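Colleague: I'd like to ask you about the structure that follows.
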Amino acid sequence: MIRKFISRVFGRHHPGKHSEPAILAAAQHGLQREDISRGCRRTIETLQENGYQAYIVGGAVRDLLAGLTPKDFDVATNATPEQVRHCFRRSRIIGRRFQIVHVSMGTEIIEVTTFRGHHGEESGNKALTDEQGRVLRDNVFGSQLEDAARRDFTVNALYYDPTSETIVDYHHGVADLRQKTLRMIGDPKTRYREDPVRMLRAVRLAAKLSLSIDPEARRPIREMGSLIENVPPSRLFDEMLKLLTSGHAVRCVRELREEGLHHGLLPLLDVILDQSLGERFVMLALESTDRRVREGKPISPGFLFATLFWHEVLAKWEPLKARGEPAIPSLFLTMDEVLDVQAEKLAITRRIAGDIKEIWALQPRFEQRSGKRPYGVLQQPRFKAGYDFLLLRVESGEVDQAVGEWWTAFLAASDEGRAAMLLPAASGETRKRRRRRRPPADNGQDATLPE
Ligand code: ATP
Ligand code: MG
């Protein structure tokens, strides 16, 4: 019986070899057409009325089966982009390399993709790849069978037809999802070589759906991790952002470390995570991001990346200050240097880089708590982000708790309360303050305190 069970579970997996999909009825999978957004259902019905096949595919089907709310609904069809466009008044073709159609339905925009062809050797239709095997062009239309085979994981290759309420499953994705397994379609090594981003997707999707990565798909990651360096920086940035804002960033980053993947990804992450203060800071930041995502609050990519690279800034900035370089100009120099290094791997958009710098540049200003300066800091457009950042620095043990408490109290205080909180004027601030607190020395001389 055990053998039978094992062969049932493992024996039937011949990814890529299936030509007859399993067709699962509603009673077998449990999805209902009401789970699908109205706009998406209308899009599919319209395509079907025009004689085309149309299904919800990918993440939405997977997430619904796993009991999660999908982010968006993608539609796959055998109609070409031109044909899709003719079915809808409000639609437009986007993308050059691989055209997709955006169909507007009320306030929704549904992404409609034509089934893509398979580029495997068997098809005799070899894709253009770089010398590492990374697929550079992937823009051939194909059948649903081929479309399923070129998707990454079995749980991502499910097609749901809301009209018949059936799921078309070529690769046993439904069973894999029930068994909590993330399984690659086809040979994992080949699939990672074609697109190294799939290694990151494996980590992210496993964390998001609480799946374990099938050993076959997990094993090659360690040795192939460096292929991520060939991925264009803008793509890597998108994927990292998805990972960090998934609501499971802590789990993902732990997993990346376990797989040795963080080296190629964020060149600084391995350095940072090796310093205990840096690690504490990054982990606290990711925990708070995860919390916010789960509470449905917005998160700012600028803030997130500012936290990731902060200890790199410190590592470069502190020695400059110690050498007597002026603090603010050397901070600005350091910021640019750190972001330039990152930019080679990770294309941080200009806007996000601007946000990062504003948050960093505010940090030394929180030390100034005398005269008009704190009021100036309050006026800064990114004050709130800068303040949250400061609190994380305090929590991680980098900054004196008193500084964080002062700002929290200053924010909450009335006008008079604020005025009373201001420290004496900045020049010789510490000395004056301390002098006041201590009674004068017996000999009547100034009690000059060590700095
Ligand atoms: P989520 O939207 O939750 O981030 P997703 O799986 O929907 O996850 P998308 O980037 O929206 O991710 O991709 C939609 C679908 O396209 C996937 O479910 C998968 O079938 C396919 N896909 C995406 N990226 C790849 C890839 N790198 N290789 C192969 N197939 C992919
Ligand atoms: Mg998706």
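The values are calculated or read from the model by the stated rules, or taken from the named source; none is laboratory data. All values reported here derive from a predicted model rather than from experimental measurement. So basically every Cβ, Gly included, is an ideal-geometry build from the backbone, and we count neighbours across all protein chains shown. For accessibility, only protein heavy atoms count, side chains too; no ligands or nucleic acids. Shrake-Rupley method; radii C 1.70, N 1.55, O 1.52, S 1.80 Å.
Colleague: Could you give me the ³J(HN,Hα) list for the stretch 398-411, computed from phi with Karplus coefficients 6.51, -1.76, 1.60 and θ = phi - 60°, whole Hz, x at Gly and Pro?
Modeller: Calculated HN-Hα couplings, in order: 7, 10, 4, 4, 4, 5, x, 5, 4, 5, 5, 5, 4, 4 Hz.
Colleague: Where Lys and Arg each count +1 and Asp and Glu each count -1, what net charge lies around Arg294 among other residues with Cβ under 13 Å from its Cβ?
Modeller: On the way: positive: Lys208, Arg251, Arg291, Arg292, Lys297; negative: Glu287, Asp290, Glu295.
Charge balance in the 13 Å sphere: +2.
Colleague: Excluding Gln342 itself, what net charge comes from residues whose Cβ is under 12 Å from its Cβ, given Lys and Arg +1 and Asp and Glu -1? The partial results should precede the final answer.
Modeller: Values: positive: Lys345; negative: Glu312, Asp336, Glu337, Asp340, Glu344.
It works out to a net charge of -4.
Colleague: Please arrange Phe309, Phe141 by accessible surface area, largest first, computed with a 1.4 Å probe and ligands excluded. Write down the numbers at each step before the final one.
Modeller: Numbers: Phe309 0, Phe141 95 Å².
I get Phe141, Phe309, largest accessible area first.
Colleague: So, one more: By accessible area of protein heavy atoms, probe 1.4 Å, what ranking do Met421, Met240 get, highest first?
Modeller: Numbers: Met421 45, Met240 0 Å².
Of Met421, Met240, the descending order of accessible area is Met421, Met240.
Colleague: Moving to a separate point now. Hey, got a sec? Which trypsin sites (Lys or Arg not before Pro) in the stretch 333-433 land in a DSSP loop and have at most 13 other Cβ atoms within 10 Å? Walk me through the numbers before you get to the answer.
Modeller: Details: sites: Lys345, Arg350, Arg351, Lys357, Arg365, Arg369, Lys372, Arg382, Lys384, Arg393, Arg418, Arg431, Lys432, Arg433; in loops: Arg369, Lys372, Arg382.
Here the trypsin sites (Lys or Arg not before Pro) that fit, given the DSSP loop and packing criteria, are Lys372.
Colleague: Further question on the same structure: Probe of 1.4 angstrom, ligands and nucleic acids ignored: what's the accessible area per residue over the stretch 176-262, in square angstrom? Kindly include the intermediate steps, with their values, before the conclusion.
Modeller: Working: 3370 Å² over 87 residues.
Per residue, the stretch 176-262 has an accessible area of 39 Å².
Colleague: Whole Å is fine, so just give me how far the alpha carbon centre of the stretch 307-358 lies from that of the stretch 167-228.
Modeller: What the calculation gives is 35 Å, centre to centre.
Colleague: Here's a follow-up. From largest accessible area down, sort Thr129, Thr114, Thr69, Thr166; use a 1.4 Å probe on the protein chains.
Modeller: Details: Thr129 60, Thr114 5, Thr69 125, Thr166 30 Å².
Largest accessible area first, the list is Thr69, Thr129, Thr166, Thr114.
Colleague: Here is a further query. Accessible area of Trp317, 1.4 Å probe, to the nearest 10 Å²?
Modeller: Accessible area, nearest 10 Å²: 10 Å².
Colleague: To continue, here is another question. Probe 1.4 Å, all protein chains in place: accessible area of Val282 in Å², nearest 10?
Modeller: Around 0 Å² of this residue is reachable by solvent.
Colleague: How high is the FRET efficiency between Leu411 and Glu223 when r is their beta carbon distance and R₀ equals 60 Å, given to the nearest 0.05?
Modeller: On the way: r = 51 Å, r/R0 = 0.85.
Working from the Cβ atoms, E equals 0.75.
Colleague: Ile356 accessible area, nearest 10 Å², 1.4 Å probe?
Modeller: Rounded to the nearest 10, the figure is 0 Å².
Colleague: Please compute the length gained on full extension between Leu145 and Lys372, using 0.36 nm multiplied by the number of residues separating them and subtracting their Cα-Cα distance.
Modeller: Working: separation 227, 0.36 × 227 = 81.72 nm, distance 6.82 nm.
Full extension of this stretch gives 74.9 nm more.
Colleague: Would you mind telling me the share, in percent, of accessible area of the stretch 345-386 contributed by carbon and sulfur at probe 1.4 angstrom?
Modeller: Working: 1080 of 2160 Å².
Taking all protein chains in place, the stretch 345-386 shows 50 percent carbon and sulfur surface.
Colleague: How much length, in nm to one decimal, is gained on full extension between Asp340 and Arg33, taken as 0.36 nm per residue of separation minus their Cα-Cα distance? It would help to have the intermediate numbers written out before the result.
Modeller: Details: separation 307, 0.36 × 307 = 110.52 nm, distance 4.87 nm.
Contour length minus Cα-Cα distance gives 105.7 nm.
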